[in-house]
């Protein structure tokens with residue numbers, strides 16, 4: 001079980017992904033924007049951060065750069081976005097374009113946590129067919 005910080009400004013996406021991650025056996029804390037995500041990160045301990053990229057104020061790249069500049073031990077970060085052309089893999093361990101399947105999310109978590117083969121870039125992910133396939137449980141992840 002992982003303690004996961006999930007940062008996304010779309011409440012419906014946060015609710016669905018929070019439920020999915022909880023059902024997968026993880027503890028999930030949800031931040032509704034980048035500012036809140038940074039406050040939560042700074043005041044708590046997380047094993048993994050999953051963040052949306054495009055958010056008002058501090059975006060996912062800002063969240064990731066803050067985490068990378070912290071004095072904490074290395075924490076894997078998965079970036080997600082409905083606009084994959086904005087994904088910058090340099091600060092993320094794994095990038096996942098929305099919509100994505102639950103299996104793709106699980107694979108990304110395993111890879112980011114070192115349980116999979118290796119962290120992958122967006123291009124590698126698309127070549128392997130892990131992305132751009134809808135989530136069968138909810139169309140909300142396609143937003």
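Couple of notes before you dig in:
- Burial ordering of 55, 113, fewest other beta-carbon atoms within 10 Å first: 113, 55
- Calculated FRET efficiency, residue 24 to residue 70, Cβ-Cβ distance, R0 = 35 Å: about 0.85 to the nearest 0.05.
Every read-out reported here was derived from the displayed coordinates using simple, explicitly stated rules and does not represent laboratory data. Given the structure is predicted, the values throughout are model-derived calculations rather than measurements. Because the Cβ atoms are built from the backbone with ideal geometry, glycine has one as well, and the counts that use them run over all protein chains shown.
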